[in-house]
Number of protein chains: 6
Amino acid sequence: MGIHEYFKSLSDLEKIYRCPGKFKYEEHSVAEHSFKVTKVAQFLGTVEENRGNKVNWKALYEKALNHDYAEIFIGDIKTPVKYADPDLRDRLAHVEESMTQHFIQQEFPEEFQSIYHERLKEGKDDTLEGKILSVADKVDLLYESFGEIQKGNPESLFTEIYQESLDTILKFKEMASVQYFLTEILPDLLKGEFTNQAELEKISRAILKNHEVEQTFAIDE
Amino acid sequence: MGIHEYFKSLSDLEKIYRCPGKFKYEEHSVAEHSFKVTKVAQFLGTVEENRGNKVNWKALYEKALNHDYAEIFIGDIKTPVKYADPDLRDRLAHVEESMTQHFIQQEFPEEFQSIYHERLKEGKDDTLEGKILSVADKVDLLYESFGEIQKGNPESLFTEIYQESLDTILKFKEMASVQYFLTEILPDLLKGEFTNQAELEKISRAILKNHEVEQTFAIDE
Amino acid sequence: MGIHEYFKSLSDLEKIYRCPGKFKYEEHSVAEHSFKVTKVAQFLGTVEENRGNKVNWKALYEKALNHDYAEIFIGDIKTPVKYADPDLRDRLAHVEESMTQHFIQQEFPEEFQSIYHERLKEGKDDTLEGKILSVADKVDLLYESFGEIQKGNPESLFTEIYQESLDTILKFKEMASVQYFLTEILPDLLKGEFTNQAELEKISRAILKNHEVEQTFAIDE
Amino acid sequence: MGIHEYFKSLSDLEKIYRCPGKFKYEEHSVAEHSFKVTKVAQFLGTVEENRGNKVNWKALYEKALNHDYAEIFIGDIKTPVKYADPDLRDRLAHVEESMTQHFIQQEFPEEFQSIYHERLKEGKDDTLEGKILSVADKVDLLYESFGEIQKGNPESLFTEIYQESLDTILKFKEMASVQYFLTEILPDLLKGEFTNQAELEKISRAILKNHEVEQTFAIDE
Amino acid sequence: MGIHEYFKSLSDLEKIYRCPGKFKYEEHSVAEHSFKVTKVAQFLGTVEENRGNKVNWKALYEKALNHDYAEIFIGDIKTPVKYADPDLRDRLAHVEESMTQHFIQQEFPEEFQSIYHERLKEGKDDTLEGKILSVADKVDLLYESFGEIQKGNPESLFTEIYQESLDTILKFKEMASVQYFLTEILPDLLKGEFTNQAELEKISRAILKNHEVEQTFAIDE
Amino acid sequence: MGIHEYFKSLSDLEKIYRCPGKFKYEEHSVAEHSFKVTKVAQFLGTVEENRGNKVNWKALYEKALNHDYAEIFIGDIKTPVKYADPDLRDRLAHVEESMTQHFIQQEFPEEFQSIYHERLKEGKDDTLEGKILSVADKVDLLYESFGEIQKGNPESLFTEIYQESLDTILKFKEMASVQYFLTEILPDLLKGEFTNQAELEKISRAILKNHEVEQTFAIDE
């Protein structure tokens, strides 16, 4: 029944929780994650612009805001499943895509269909905006796992998520915004006193070394 | 790390909730659903036995208790996705299966491996026990959707789930236990005073008629 | 401690719930509300653009995304209080503003301060983007109250919120996007079968009449 | 609609949670806080009486039971806001007061109005009962923050609240009941084995020293 | 470890929920119930005093505040069990009593023991204060069940609780405060528009008639 | 109203939470506990069978699945109460039994009554299946308390529950499945890195020594 269905569907994203099936001190809905990713992307874009790079803000906001909308159709599938089997991954991506297309054709009036096909497609491409989205998505995931680790969550899964997030961020280490994150933000995150602080710092150093990033954490000084 | 990992994994099923992304008055974990399905299967098996059919109780309990264990690996995938695309469905089933096998080989000592390969495989086969599981799984789903409908849940999804559950149960209408359900249990369920009672009764009649089941609901008398 | 504090603060918005102290079937965090408002604003902006109006997308996204960020400092103050006393309202707005400024000066490096002073200030101004924000904020509030009303919430507060939201939206009835909302979206919202449907339709008609909007609901046909 | 509205409003205090916007292991409603403060005040009053001071029990119970009732009108405003600006604080107190008065005039029959004006006004005055309320309110807040600290809450806010609570309690160090708290209760609270035990003890000693209270904690012996 | 243990135990009452094992739209902790009962008792006592009866306020507050404290030892036992078997009921009461005594002897210094033995014993005796407690306890239970009924809870249990509460209140129909409740408060409660309004009014009339109370509900006029 | 009432009652077990009144990081419903106990019993039975003992699987599953069903009638009574007074314990057991019998007679058709009388009676007898149930019940309780201890729960209650669980398991130390638990599962549970690991290992050793069990934990090697 048109745009009413689309507006109503936004509320479903408040009821899909990330990383189901594991004990967590804090739950995060997909709607909340999308909000935080867009805010982080906004900051990273600002760094890029201040360093002289041209940012297409309209594209950046669209990518960040909509990047997990398709979870409305396909729900929350555990990461190990998603990535266990490259064929399955492709097929799931394909199903997501076709369900999204079907939804747009059914609910959106024709005048908006092509705009929303563009908006709701996969945004993590090779443009600056696509790369900022890739980084922002992982920055929020890193903060989510950090929140669990610093409260003493005994599930090793969260250390693995932290590692995987930092590792992915480092694949974009040439970007000005990633360098800013590594030199100005990460050291503050690791500086606090919390359960597992030393362990987390060690892990972070190892990953940075792996990527041949020379990082002098403020805490060394 | 062996059976400890297996025991610990049981608790993960307490944290996977059924039917994510939709407003519900009550949440049900996969562990709770598995408990209820086993209890329902126990009753249906008793009816079959009392009607003179031989029940392999060991097989029935194993099937019911374990039928959703693989959700530990693959999480909760929305039904429309699961069934939208037969190829995807097969591939997901295949991934579930291979992840289950991998888990058994990694965590279970050799002496238990073949037993657990048998226990954790798909149980909905053509044996009497497999058919009882198919019915019991849908009876619990029917009660879950009924619980939402009678509290006034405005999502039409729950009416669809109710319909689909009853429809599947009726595919087994030759079974003594299904006949018992239709004549002795369903009428009581529909008899109470609740929001949408009349609507639900109408829907139920239509499905029964569709399956050419003559059903005199107690309420008619 | 810089941008780390800013990133961490985003998570606080996941823990501030809207409309405290009243029974609700569904809770909505400020983070979730901000996400939905931005998505709604995106659609309304698209309607404006399709009707030939020029939209400054960067400004629109900034306004929508950040419009409730200051709740981090001041928390959730009940609406009747906020508006009961114009002096208090001004003073609260002033405190919000000065706390926001203080936070930016303390946590943001100088190069980003003026950008974030601009971003975090009140966005509901007389520009097209400011007006879209005013409407989008109320559209989400209208959906929140609608969600309670259709589930049978006995608190009359939610009918009042529905009325107040629709009334505010109608103050912008000259806008192309508001006309779209009134003719294409609102009728679908009121069309469904739910508790209090007739009542809600009556209320909506009365408000529309008040604003001298001729509205033929699809349901009349 | 009279006293029915008043009775119904009591339930709203079950839905206002203290200290919103921060991660907590345990939530406390205003109703629960009010119960605990009244119980603590009862004990502190008993100490005063046993030490020879005259306690007006009727006044003490009225003050403790009702001390946060006005949060029904004004909701939960973050402490830093409340105290950031003395003018604002006064104005908020004024609004609370006038909303309370308005409520009493509207809902209470005339015969009860003056009694409830007296009961619902600010109770923290210079009488013994007013001072016991001030202490009891902070003792419960100290236990709330202690509950977070001993579970490992990484938010430094809870250490600040602990400090601020103890500091306020010590402003009443001449009272017999405060001396009892310092010598008989606080040492037991600090004695247990928990995360951050040593840190909390150090903080407590520093505050006591600041107030020139000689305190030999049982743990020293 | 003394009074610290007592203060800490107050928080346990925040974690014992009333009426476990049944679907409810709203949960109420024993701490919240105790708060509300004390507030209701305060009002009922005020009515008695205004009608010329002498109220021992200290006794009334002590009874109301502490009336469910023993649930800390014995937890939440389902009402049908409690009352099914008079012998069991006596034995449970006896266990509660002896556990309470044991706790007081173990945790309270001698100087406070007799005071707390008095405070924590069963308060529902034949004094005016004891009778006010009996009524106030049922008034809150009546509001709890009313809250479920008006939201459409399909469990008939809540209608039974409503009936049993009103029935018990009517056993005290000679009291001025009960007459006030029946003529001034109950009619307002029944007046609103809500699911099951007519049904609830009918039930209430029947119980009143049973007790030979002539009640003209405001709604008749 | 017959089997419908029985099926509906299963859902009540989803709403009775174990160990009420104490702070816990994770809640477990009776339905979830019953599921896990049945799964653990299944594994322990498999060990017994592999060691050459004959297992009556039908009996084992019936005992495990139904062992806490009677909590539907009697709710969750705190363990200290249950065991404080042997007379009370017997009387509570008697009440449970008679309520269960009454329910069966009222809701079950005659043809199923004797079967369900058998199924719902106390299952912890001296048969191999009864002993496996006793052990499985405590293994799940041990995992529940372990889950709290490793997350840093400051309540000493959970250490006491851990101890009591292990102590009870050791009363069955002659059983093949208990020996398997002690040599193959418990060492893995204690091996991980978590808060209180050393303490828990020490406690476990002391209990094992008490029962004269020589246990070489893998961690020693």
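Below is a table of values for the structure above.
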quantity: Among the residues listed as B:K151, B:K121, the single one being surrounded by fewer than 18 Cβ atoms within 10 Å (Cβ to Cβ), over 14 Å from the mean Cα position of the chain (by Cα), of a type outside the set (G, A, S) and at pLDDT below 95; calculated: B:K121
quantity: Filter result (part of a loop (DSSP other than H, G, I, E, B) and charged (D, E, K, R)) within region D:4-58; calculated: D:E14, D:K15, D:R18, D:K22, D:K24, D:E26, D:E27, D:R51, D:K54
quantity: Filter result for the condition that a residue is among the hydrophobic types (A, V, I, L, M, F, W, C) and under 28 Å from C:R18 (Cα atoms), over D:L60, D:L88; calculated: D:L88
quantity: Residue check for D:T183: farther than 18 Å from E:G2 by Cβ and over 15 Å from the mean Cα position of the chain (by Cα); calculated: no
quantity: Complete set of residues in region F:149-161 that are among the hydrophobic types (A, V, I, L, M, F, W, C) and more than 14 Å from chain D (Cβ to nearest Cβ); calculated: F:I161
quantity: Residue list for region E:113-133, restricted to those being within 13 Å of chain D (Cβ to nearest Cβ) and of a type in the set (G, A, S); calculated: E:S114
quantity: Qualifying residue in region C:95-112 (condition: in contact (Cβ under 8 Å) with a residue 40 or more places away in the chain and not in a helix (DSSP H, G or I)); calculated: yes
quantity: Criterion (charged (D, E, K, R) and more than 18 Å from the chain's Cα centre (by Cα)) met by exactly one of D:E110, D:E14; calculated: D:E110
quantity: Counted residues, region E:165-185 - those being in a helix (DSSP H, G or I) and free of Cβ contacts under 8 Å to residues at least 24 places away in the same chain; calculated: 3
quantity: Flag for D:A136 being away from chain C (no Cβ under 14 Å) and either β-branched (V, I, T) or assigned to a helix (DSSP H, G or I) (or both); calculated: yes
quantity: Identity of the residue in region B:44-65, more than 7 Å from chain F (Cβ to nearest Cβ) and hydrophobic (A, V, I, L, M, F, W, C), that ends up surrounded by the most Cβ atoms within 10 Å (Cβ to Cβ); calculated: B:A64
quantity: Index of the failed condition, D:D188 passing every other in (1) touching a residue at least 24 places away in the same chain (Cβ under 8 Å); (2) away from chain E (no Cβ under 11 Å); (3) surrounded by fewer than 21 Cβ atoms within 10 Å (Cβ to Cβ); (4) not hydroxyl-bearing (S, T, Y); calculated: (2)
quantity: Condition check for D:V37: at pLDDT 95 or above, over 28 Å from E:E110 (Cα atoms) and within 15 Å of the chain's Cα centre (by Cα); calculated: no
quantity: E:T100 vs. criteria crowded, with 20+ Cβ neighbours inside 10 Å and either under 27 Å from D:N50 (Cα atoms) or basic (K, R) (or both); calculated: yes
quantity: Candidate set: region A:159-185, residues that are under 21 Å from A:F43 (Cα atoms) and of a type in the set (V, I, T); chosen: the one surrounded by the fewest Cβ atoms within 10 Å (Cβ to Cβ); calculated: A:T183
quantity: Cβ-Cβ under 6 Å pairs, at least 6 apart or on other chains, region C:135-152 side on the phi < 0 side of the Ramachandran plot, far side acidic (D, E); calculated: C:G147/C:E26
quantity: Where a residue in region C:50-68 is over 25 Å from C:H117 (Cβ atoms) and its partner, wherever it lies, is among the aliphatic types (A, V, I, L, M), with Cβ under 6 Å and at least six apart; calculated: C:R51/C:A176
quantity: Which numbered condition C:D137 fails, given (1) modelled with pLDDT of 90 or more; (2) more than 28 Å from C:F23 (Cβ to Cβ); calculated: (2)
quantity: Total residues in region F:11-23, condition crowded, with 22+ Cβ neighbours inside 10 Å and either under 16 Å from B:E144 (Cβ atoms) or of a type in the set (K, R) (or both); calculated: 2
quantity: Some residue of region C:199-207 being under 25 Å from E:L190 (Cα atoms) and surrounded by 15 or more Cβ atoms within 10 Å (Cβ to Cβ); calculated: yes
quantity: Residue check for E:D76: touching a Gly at 6+ places or on another chain (Cβ under 8 Å) and more than 9 Å from chain D (Cβ to nearest Cβ); calculated: yes
quantity: B:F146 vs. criteria within 14 Å of chain C (Cβ to nearest Cβ), among the aromatic types (F, W, Y), in a helix (DSSP H, G or I) and out of contact with any Cys (no Cβ under 7 Å at 6 or more places or on another chain); calculated: no
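Residues are listed down the side, and each one gets a yes or a no for (1) facing chain B (nearest Cβ under 10 Å); (2) in contact (Cβ under 8 Å) with a residue 40 or more places away in the chain:
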| position | (1), (2) |
| --- | --- |
| F:G2 | yes, yes |
| F:K8 | yes, no |
| F:K15 | yes, no |
| F:K22 | no, yes |
| F:E27 | yes, no |
| F:E32 | yes, no |
| F:Q42 | yes, no |
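The values are calculated or read from the model by the stated rules, or taken from the named source; none is laboratory data. Predicted, not measured: the structure shown is a model, and the values here were computed from it. Glycine gets a Cβ as well: all are built from the backbone with ideal geometry, and neighbour counts include every protein chain shown.
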